[in-house]
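The values are calculated or read from the model by the stated rules, or taken from the named source; none is laboratory data. Quick caveat: nothing in here was measured; it's all calculated off a predicted structure. All Cβ positions, even for glycine, are placed from backbone atoms using ideal geometry, and neighbour counts span all protein chains on display.
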């Protein structure tokens, strides 16, 4: 039974189904505030719940998650740093909660159900897709992970976990080239097990899982999950560590700020009346806030100013 009160997530237990919901809808459920540590704790609590079989991860509002919250003043350590080693240690410490969240999910004993209630961008699209035991999605969902366009790298081992679940070339399209994919495509590929209407999405998820509980033995399902997860554990953990190390090196090199500045210039160079259509047509600019271009420019400006300090 979950006993903790949460600020940026919501947790409920419905019979044998535990549900963790990102609950920052005003920020498109971006990874800021208390969201990461609270999600880690919720998975720990549900792991110890003797009654649950499924742990569902979903979001409140129209987005699953917009990824990293760039408006957060503590988004990255900006220095100045005495040496590159100091910079790398600072970035490593800052990104450790992300690594711990992924490790917690890798070691989670319950069947992990990823329920995309809406669009997912960046880490929201990449971190969990290759770790989920079952993926369900709303028909409004699409995924995009524009890491390369920002001089970042695929985070938390996603380049390897997605290669396992999608195949190398589809994973590369999404994570190297930033290709936008829809829930319908993922369903056609067999990655998404079921597509549900956006309206009433969570109710459809519960009904689907309740049917699995009616049709199958709970312990057998959990043992099957354990057999699969145990075989993949070490590779997933190593992939997550390698990805964090590579991302830290990119941050030490200072490559991301230059790309962020370039994106600002691209956004500012588009006439305001044409901004929304231009963003929709340009896959490299099709980020979470395609309907809020001014906000995107402002957030990127704030981040790059801090990086220049």
- request: Kindly indicate whether residue 231 is modelled with pLDDT of 90 or more, over 23 Å from the mean Cα position of the chain (by Cα) and either surrounded by fewer than 17 Cβ atoms within 10 Å (Cβ to Cβ) or not assigned by TED's automatic domain parsing to the domain that holds residue 92 (or both).
  value: yes
- prompt: Which residue out of 208, 260 is assigned to a helix (DSSP H, G or I), modelled with pLDDT of 55 or more, surrounded by 15 or more Cβ atoms within 10 Å (Cβ to Cβ) and over 21 Å from the mean Cα position of the chain (by Cα)?
  reply: 208
message: I need a count of the residues in the stretch 78-95 that are surrounded by fewer than 15 Cβ atoms within 10 Å (Cβ to Cβ), in contact (Cβ under 8 Å) with a residue 40 or more places away in the chain and within 23 Å of the chain's Cα centre (by Cα).
response: 0
- prompt: Which of the residues spanning the stretch 180-225 are over 19 Å from residue 112 (Cβ atoms), touching a residue at least 60 places away in the same chain (Cβ under 8 Å) and out of contact with any helix residue (DSSP H, G or I) (no Cβ under 9 Å at 6 or more places or on another chain)?
  reply: 198
message: Quick check on my filter: what residues within the stretch 40-82 are over 30 Å from residue 218 (Cβ atoms) and modelled with pLDDT of 95 or more?
response: 61, 62, 63
statement: Among strands (runs of 3 or more DSSP E) entirely within the stretch 36-155, at least 2 residues that are more than 19 Å from residue 182 (Cβ to Cβ) and in contact with a helix residue (DSSP H, G or I) (Cβ under 8 Å, 6 or more places away or on another chain) occur in 54-59, 111-116
